[in-house]
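Worksheet for the structure shown next.
The values are calculated or read from the model by the stated rules, or taken from the named source; none is laboratory data. Keep in mind it's a predicted model, so treat the numbers as computed, not measured. Every residue, glycine as well, gets a Cβ built from its backbone with ideal geometry; the counts of neighbours run over all protein chains shown.
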């Protein structure tokens, strides 16, 4: 349930960044009966940002602040670069819009992953069962 919450927060961050920040223009705004490319883009980036901490946990990588920040920055950089060249229904008008949106989405991804890291460290880990 916590990962769905992270996904929802990341989706909202990306979706509203694309609509509210200057330098980014939505070509065909989403109307809820049909979903356009802007909503699919927000779902994809939100999903990737919400999986930063769980993937590090599964790979047994220590989730440090710098690793989470680098992963969030890389995901937002690559996703907004793809959006610049692919016709997804969102158009980046200038370089300031690109960097502002990329940084806002990276900060949002970092904040939600950090929040999940702190939440999971509150619970004590169960000891391993001895083998016979």
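What the table below lists for this structure:
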| item | result |
| --- | --- |
| Index of the failed condition, residue 28 passing every other in (1) out of contact with any helix residue (DSSP H, G or I) (no Cβ under 6 Å at 6 or more places or on another chain); (2) within 17 Å of residue 6 (Cα to Cα); (3) modelled with pLDDT under 85 | (2) |
| Qualifying residue in the range 2-16 (condition: touching a helix residue (DSSP H, G or I) at 6+ places or on another chain (Cβ under 7 Å), at pLDDT 80 or above and over 13 Å from residue 108 (Cα atoms)) | no |
| Filter result (closer than 22 Å to residue 18 by Cβ and in contact (Cβ under 8 Å) with a residue 60 or more places away in the chain) within the range 49-94 | 49, 50, 52, 89, 90, 91, 92, 93, 94 |
| Index of the failed condition, residue 127 passing every other in (1) surrounded by fewer than 19 Cβ atoms within 10 Å (Cβ to Cβ); (2) at pLDDT 90 or above | (2) |
| Helices (runs of 4 or more DSSP H) within the range 8-113 that include 3 or more residues within 17 Å of the chain's Cα centre (by Cα) and buried (at least 21 other Cβ atoms within 10 Å of the Cβ) | 37-50, 65-85 |
